[in-house]
Amino acid sequence: MTSASRTPSQTPPAVPSGAAEGGGPAAPEGRSPGQLMWRRFKRDRPGVVSACVVAFFFLVALAAPLISKVYGKDPTTTYGIDRPGLLNEFGYPVKPNGGISGDFWFGIEPTLGRDVLTQLVYGIRTSLLIAAAATVLCVLTGILIGVTAGYVGGRTDYFLGRFIDLLLAFPSQLSFIAFTPVVYSLFVSPNKETPTYLRVLTLILVLWVLGWMGMARLLRGQVLSLREREFVEAAKVTGASPWRIITKELLPNLWTPILVQSTLMLPTIVTIEAGLSFIGVGILEPTPDWGRMFANGAHYYESDITYIFFPGLAMIAFVVAFNLLGDSVRDAFDPRTAR
Amino acid sequence: MTSATMFLRRRARLSAAALAAGALVLSACSSGGGGGGDGDKQSQGPGEDKTTSANYSIGTKADSAGPAPEVSGAKKGGTVGVLQRDAFNHLDPGQIYYSDVLTNQMLYNRTLTSYKVDDKGRVKVVGDLATDAGTASDGGKTWKFTLKDGLKFEDGSPITSKDVRWGIERLYAPFETDGPLYIPQWLSGDGNAFRKALPEGPYDGKHLPASVLDTPDDKTVIFHFAKPHADTPFATAMPNIGPVKAEKDTKQKYDNAPFSSGPYKVADYKVGKSLTLVRNEHWDPKTDPVRHQYPDKFEISFGHQFADSTRRFLADQGADKNAMSFSNAVAPEMTEKVLGQSDTKARRFVEIQPYVDYISFNMDRLGDVRVRKALALAMPNGQIVQQMGGATAGLLATNYLSPAMDGYRPTDPFGKKKSPAGDPEKAKQLLTEAGKVGQEIVYAYANTDVQQKVAVVVTQALERAGFKVQKKEVDSNTWRTAIAEVKNQFDIYRTSWGADWPVSSTVVPPLFDGRQIADGAQNYSHLNNSKIDAEIDRISAIPDVKQAAPEWQKLADRILTDEVAGVPVFYNRQFSLWGSNLGGVKYHPVYGTADPTGAFVK
């Protein structure tokens, strides 16, 4: 995670009920910060558009089998090999523009001749599933460890901090490459194929193990500054339990960095996952994968540039939209840092 | 031939193109799209294959006399640039085995015999240092070579039979491990046992006795082999059967500064980066039937991926006009572009290499011959070739021997020509007969992007024939070792093999001799049949290479149809491109590379 610097530069609203701020007309009383945030967010047009784009991607990923059914193709059939006349003798689509036709809307894949549209849709599904799962795990772990370290402090903080340092020192890409074959050889018999679910689980696992530290660091810092504030002291004086203080006093003030951080984390993990498939330790053929489509596209672009066009465009749209969404969420939570 | 230790010369064609996808998309437009597909590109693409067995012969004394016939239009002068992907692993002729360094050594190293390639692609084994391709006596056990007059090293000192003896004897030293070892093994014993004859090489003053390697005078070299070896003229054309001057032999350091006997000498060598060869003034063209000395210099540089070198040759700008590559092929993804650009017509070739790709069947695990037959029938050869790069990367194979082999006949017992996608019905029928429908097959492959795709088509074809496939990906760096383990856990895997010379004694015994099963050896299918072994011995003993050739083909076909130790998939092809200002570049059918010995700057 390299996006830690994009977190809010100012402290979040200090008091949970600080409803008086905000640029709009004097709001009638009784709105929660969440409602205020939602109102501000709705007025932010790029934010709404990017939210729609992101929602569209998730919808596409969820509805992949449906799309495939309606469209009448599936991602694993090698149309180009099975039907003569689609690929030439070098394995490239015969028709111009990567073989785009009424039959194959996004063209066909060079050499194997699979349908690009369904490959892409299923590839997005694979990548988003892995990224979403890894993000949720990273966020949960980050909250747990960050808040614990910040609130408990002292020796616990010291050891958790050094543990985070240790994990941050791991070169993540290299660790992935070294770690995955070990997992496979542990769980798979030498003459059985590694099942795809195990590959997916392993990817989620390695992305999780080396991905939560940024979040934890950030939250620890936030908690350190929050726990000395008056409202926390007041809660302590009234005899509230640590659990209540964390959940009722601290966490509501932490939602901003958590939301912002996770909206930035998800596209990063999508690109890391794509990178892993690119270098061959991620998802293998024949499971469709977004990242591997790039790897192949980078090979074919001299002769068939259309093949990389759609996966590339989709990836750019997704990452940009998700980043804009993250920005908008931050702005909505904290209008003082206007762009 | 007996237990020759041979290595795979072929290197996996991996080209890592790491490009930012985003940047690509920004520059993308709808200009993509692929060709006609109606075969019109075929005619202007892969040329006629000159590599056929009929084109090989042993040259006469007249063929062996220099100088080499002039290349038409050739001019002296200029600098030829050479772009290579991998850094040369050796310059010491004693250590050379891979095709890139084999080609490179032709420029500075001369051998007893050599391959003379005419403009029609016909190959003759001729005397290079020797006046002819050798004279056999004693039923093929004794071979005599006479050196030519006027042979000189790069310092002007004469090359004598003592220098050739030194060159051979230093192969016995423990540090000389990477080169082909035919001659020392034929002289002094199989495997590594020959090293006992001269444990330190010639360096402590000891020499092989005259009853083994005799140099009665300055001009004569006589080999006394333990068994008859009809293909000796081919073995003496390997780069390590040449002269090394004792005073200049720096042992391991010789690898960085070989002492030249050929038309060029090493001027500057930056290991892993570049090599500059300049004219050797003491080389006399009148003694050399093979090489020319047209350019002043060869500037060889390393680290050029196939895609890079192809792009540079295509652009044909500045110094790249005078550039070529020995072994870099046109990147498969750029094949169409090259064939589509009409000005490349005169500066490219597509030729069959002596390398064959197989899918080997592990016979320790696949005991039932019907299952192996079904596998062979179901294998989608044509689809595999397409994943490897299509028509310019390979030609569908129908039997174990390459068309480059002497005695090759286009037998096709499994009907691969007729059904390039495999014959699933027939395979299924065989499986049903054997009662093995649903048999699990562990298919191991090196984890590269191309092999992943090959795995897709192989799996699909085998499952259509009624197999269940378990794909196992193996790290591509450890792939060779993994499949060469006798106790490996895989059923089928891709292997490849290149003959050292166009006689099948360098193919059938190492691949199918049951006595050669060992970790790291090339009997990948673990075929162990005493009848086959006996037949190998019988054919090896035939004193005439030409008589033995059809017998090897028959034996290879018998192994393919009766034992089904594996299925041949395709013959590799070399697709080369070079700069427009170079002339005289031609294909070297034995090394499977672009031959620089006749190249000149226009």
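Quick notes on this one:
- Counting lysine pairs in segment B:455-602 that sit 8 or more residues apart in sequence, or on different chains, and whose Cα atoms lie under 16 Å apart gives 4.
- Overall form of segment B:351-574 per C-alpha gyration tensor (a/c, 1.5; a/b vs b/c): rounded
- Relative contact order of chain B, taken over Cα pairs closer than 8 Å and 6 or more residues apart, is 21 percent.
- Förster-model FRET efficiency, 60 Å R0, A:Ser101 and B:Lys602, C-beta, rounded to 0.05: 0.85
- Only helices reaching 18 angstrom along their own axis (Cα) with mean Kyte-Doolittle hydropathy no lower than -0.5 count here, and for the DSSP H runs of chain B these are B:449-464.
- Taken one residue at a time, the phi angles of segment A:187-198 give Karplus couplings (6.51, -1.76, 1.60, θ = phi - 60°) of 9, 10, 5, x, 10, 10, 6, 5, x, 4, 4, 5 Hz. Gly and Pro are set to x.
- Rounded to the nearest 500, the helix-only mean residue ellipticity at 222 nm of chain B stands at -6500 deg cm²/dmol, with each DSSP H run of n ≥ 4 adding -39,500 (n - 2.57).
- Here the residues A:Thr135, B:Thr146, ranked from fewest to most Cβ neighbours within 10 Å of their Cβ, fall in the order B:Thr146, A:Thr135.
- Cut-off of 10 Å, at most 15 other beta carbons, DSSP loop: longest stretch of chain B lacking such GluC sites (Glu not before Pro): B:282-484
- Taking GluC sites (Glu not before Pro) in DSSP loop states with no more than 15 other Cβ atoms inside 10 Å as exposed sites, chain A has its longest site-free stretch at A:30-227.
- Segment B:Ser530-B:Gln489, length gained on full extension (0.36 nm per residue, minus Cα span): 12.3 nm
- Spatially proximal aspartates and glutamates relative to B:Lys76 (Cα-Cα < 13 Å; intrachain offsets below 8 disregarded): B:Asp296
- Per-residue HN-Hα couplings for segment B:476-488 [Karplus 6.51, -1.76, 1.60; θ = phi - 60°; Hz; x = Gly/Pro]: 5, 6, 9, 3, 4, 5, 4, 7, 7, 7, 5, 8, 5
- Within 10 Å of each Cβ in B:378-387, the average number of Cβ atoms from other chains: 3
- Ranked A:Arg43, B:Arg365, A:Arg217, criterion: other C-beta atoms within 10 Å, fewest first: A:Arg43, B:Arg365, A:Arg217
- Helix A:213-226 axis, angle to chain A major axis (alpha carbon atoms, nearest 10°): 20 degrees
- R0 of 22 Å, Cβ-Cβ distance A:Leu224-A:Gln35: FRET efficiency to nearest 0.05: 0.15
- Global form of the protein assembly as shown, assessed from the alpha-carbon gyration tensor, a/c cut-off 1.5: prolate
- As a proxy for reagent exposure, ranking A:Trp208, A:Trp243, B:Trp143 by other Cβ atoms within 10 Å from fewest up yields A:Trp243, A:Trp208, B:Trp143.
- Label-reachable residues, segment B:65-106, where backbone N falls under 18 Å from a point 7 Å from B:Asp119's Cα toward its Cβ: B:67-76
- In loop segments of segment B:54-135 as defined by DSSP, the trypsin sites (Lys or Arg not before Pro) with at most 13 further C-beta atoms inside 10 Å of their C-beta are B:Lys75, B:Lys76, B:Lys120.
FYI, it's all coordinate maths here, none of it is from the lab. Keep in mind it's a predicted model, so treat the numbers as computed, not measured. Glycine also receives a Cβ, built like all others from the backbone with ideal geometry; neighbour counts cover every protein chain displayed.
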